[in-house]
Amino acid sequence: MPRYFIYLILTAFFGLILILTVPKEEIRRLSIYGIIFGAGMDFLMLIYGGLTGFFGWTNFGPLGYHGITIFTPLDWALFFIMYFYFLPKQKLLLYVYVTAAIVFSILYAGLIQDLGVFYSVLGRFYIHLIDFIIWYLVATWGYYKLSAYVESKQKMMD
C-alpha cells in the first residue's frame, strides 16, 4: 500500500468518529469554526513550516501540491468540529480539556512522524508543543469570541 493512503485512512477515521459522536445540526453549526480554526490554521502552519523548513508533510503522492496536502486541512477541520462540540463550559475543565488536546496532538504528531508522512527538523516535542499551545489557545479563544458575536447577531435579528 502506498504511504500516501495514510491520509485517506486518517480522514475516513476522523469523519467516522465525527458522524458517530456529533449530531448533524451541531456539525452544521460548528463547521465554519472547524474550517476557520482547523483547516485555516493548518494551512497557515503548513505555510509557516514550508517557509522556515522546520516541519512539513511528506509522501503525499498525488494528494498534495507544493508541500500542501489536500487531506490534512480537512482532517483538522473535522477534528476541531468535535473539539468545539465537546468543549466544556467550566473554567477548570476547560484548562484540563485544552491541555489534554495539546498533549494528544503532540502524540499524534509523533505518530505521523513515525509513519513517515510528516517531518520536523527541530525534534519531536518542543516545536510541536509551541505550535499546539499557540494553535489551541487561538482556536479556543477565537471560538468563544466568534460564537458569542454570532449569537448576539442572531438575537438581534430575532
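Where a number appears in this text, it was derived from the coordinates with a stated rule and is not lab data. Remember, predicted model here, so these are calculated numbers, not experimental data. With ideal geometry, Cβ positions are generated from the backbone for all residues, glycine too; neighbour counts draw on all protein chains shown.
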- Message: Of the candidates V103, V121, V138, which one comes out as most mobile in a Gaussian network treatment of the chain with C-alpha springs shorter than 10 Å?
- Response: V121
- What ranking do 12-18, 126-132 get when scored by the average of other Cβ atoms within 10 Å per residue, highest first? 126-132, 12-18
- Task: For the chain, report the translational diffusion coefficient in µm²/s to the nearest whole number, using Stokes-Einstein at 4 °C, 1.567 mPa s, and a Kirkwood Rh over Cα pairs.
- Result: 78 µm²/s
- Query: Relative contact order of the chain: what whole-number percent is it, with Cα pairs under 8 angstrom and at least 6 residues apart?
  - Reply: 28 percent
- Task: Show that you can apply the helix-only estimate: for the chain, add -39,500 (n - 2.57) for every DSSP H stretch of four or more residues, divide by all residues, and state [θ] at 222 nm to the nearest 500.
- Result: -24000 deg cm²/dmol
- Message: Tell me which trypsin sites (Lys or Arg not before Pro) from the range 1-68 have a DSSP coil assignment and no more than 14 other beta carbons within 10 Å of their own.
- Response: R3
- At 0.36 nm per residue, minus the direct Cα-Cα distance, what do I36 and L146 gain on full extension? Give it in nm, one decimal, please. 38.5 nm
- Message: Quick check: Cα centre of the range 24-57 to Cα centre of the range 81-158, how many Å?
- Response: 11 Å
